Every structure is written in structure tokens, then in C-alpha cells.
Amino acid sequence: MLKSVHVVIVGCGRVGSTLALELVAVGHTVAVIDRKPDAFKRLGENFSGLTIAGIGFDRDLLQEAGIERAQAVAAVTNGDNSNILIARVAREKFGIERVVARIYDPKRAEIYERLGIATVATVKWTSERILRRILPDISSVEWTDPSSNVVLIEREFPNSLAGKKVFEIELSGARISALRRLGTAVIPDENTIVQQGDVGYFAVEIGSLDKLNSLLKQGTS
């Protein structure tokens, strides 16, 4: 069972509300900020998280939302500028490491990735992918072969593996088919070195999933 975390979500549109409900459903605590009080109707009457009406980059509101004890922040309003401002405040002023900003302009997304702010382009990503960035221990299955014996999963490399060659991380029944860095995916070769923030796409036999999860969790082969 995953350890419970506190997440601050700014924006209660379709993505923000879905994300909030999914997080609460699996036992996490959530605070949602939106400038329109009516937006919270998307959460339903039984939503157990905190809802706050106001501007998401207001420091007082962020503190009211519990950002000082939060493990992650998701900025998913309908404005690129607001989301980036929220992300930078969360990261630079409150020291939150897991910050995701929803970006409509893919060209901007690459720029902010280089600044260390994880971005999610709405034309390519969904709330499920935001959830996986906030909770990286979740193994996302991107593809399953017709026999259900091999799956393709996306996992972020732990910082402890930075500096290792990609092929040193592979094990029997699991191969790294691609690596995403700064928003661009590449096919690794024998000289590719893992860098902090890299994301790997692993082709894995079902029987080797636990071994791969253990390897990535421990950061050792």
C-alpha cells in the first residue's frame, strides 16, 4: 500500500476535479483551490478534501491549503501563465519537489521542463499521467501484448541511478526500450547515461515486474 501524501491542486476543472477524486479514493489528502466557488460542484457533495476559493498563486491561500506539509502540487488551471507562476511559487518559495504544471502550448512545455518544472501538455496527456508523476511508485501500463505476457510501462528513474549506463539497469525479463529527457524521447544505446529526471519506458515480462520495481526502488542492481 502506498504511503499517504498531501497534494495541493490548483484548478478544479475536469482535470483537477478528476485528479482530486482519484487521489482521495486511494487514501491521500487533497486541498483544491479555484477562483470560482461553483467549480467545486464537480467534486460532489461527499468530497472529503479541502476546498478553497481564490487565486492559486496567493501564498496565504497556498499555506491555508497546507502547502507547507504537501508532497506535491498540481497546477491545472486553464491558463499557462497562471500554472507556471503557481508551479514556480510552489517550487521556489515552498521547496516542493514534485510540481506539475498543465501547459496548453507544447513549445512552452519544453522550456519549463529545462527549468526543472514537470509539464503536462493537454493535447497529449491526461489526469492519469499527472497522477503518475505525483505518485511515481505507481506502475503505469502503456501497452499490453495480446498474450498478456509482456507490458510496456513508464517509470521515472530514481536519483540514485543517475550516472549509471542505461544497460547496467536492465535485468532478465526487462528491457529499456526508450528514454524521455526534457520532453524528448530517444532510443538508448550502450553509451547512454541516466540523468536526474529521466523517464524510462520498460518492456517487461509480467513475471519480472516485481524485480524491476524492486530495482528502481532500491536504485541498485
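The values are calculated or read from the model by the stated rules, or taken from the named source; none is laboratory data. Please read all numbers here as calculations on a predicted model, not as lab measurements. Cβ sites come from the backbone with ideal geometry, for glycine too, and all protein chains shown count toward neighbours.
Residues considered: R175, R155. Of these, the only one that is in contact with a Gly (Cβ under 8 Å, 6 or more places away or on another chain) and of a type in the set (K, R) is R155.
Taking the criterion of being assigned to a helix (DSSP H, G or I) and of a type in the set (S, T, Y), the only residue of the range 169-208 that qualifies is S208. Once the range 34-54 is narrowed to residues that are at pLDDT below 95 and among the polar types (S, T, N, Q), the residue that is nearest to L19 (Cα to Cα) is S48.
Conditions (1) within 22 Å of A118 (Cα to Cα); (2) modelled with pLDDT of 85 or more; (3) not charged (D, E, K, R), marked per residue:
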{"residue": "P158", "(1), (2), (3)": "yes, no, yes"}
{"residue": "A162", "(1), (2), (3)": "yes, yes, yes"}
{"residue": "A178", "(1), (2), (3)": "yes, yes, yes"}
{"residue": "Q196", "(1), (2), (3)": "yes, yes, yes"}
{"residue": "G200", "(1), (2), (3)": "yes, yes, yes"}
{"residue": "A203", "(1), (2), (3)": "no, yes, yes"}
{"residue": "I206", "(1), (2), (3)": "no, no, yes"}
{"residue": "S214", "(1), (2), (3)": "no, no, yes"}
{"residue": "G219", "(1), (2), (3)": "yes, no, yes"}
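Can you tell me how many residues within the range 13-35 are basic (K, R) and either touching a His at 6+ places or on another chain (Cβ under 8 Å) or within 13 Å of A65 (Cβ to Cβ) (or both)?
So the count comes out to 0.
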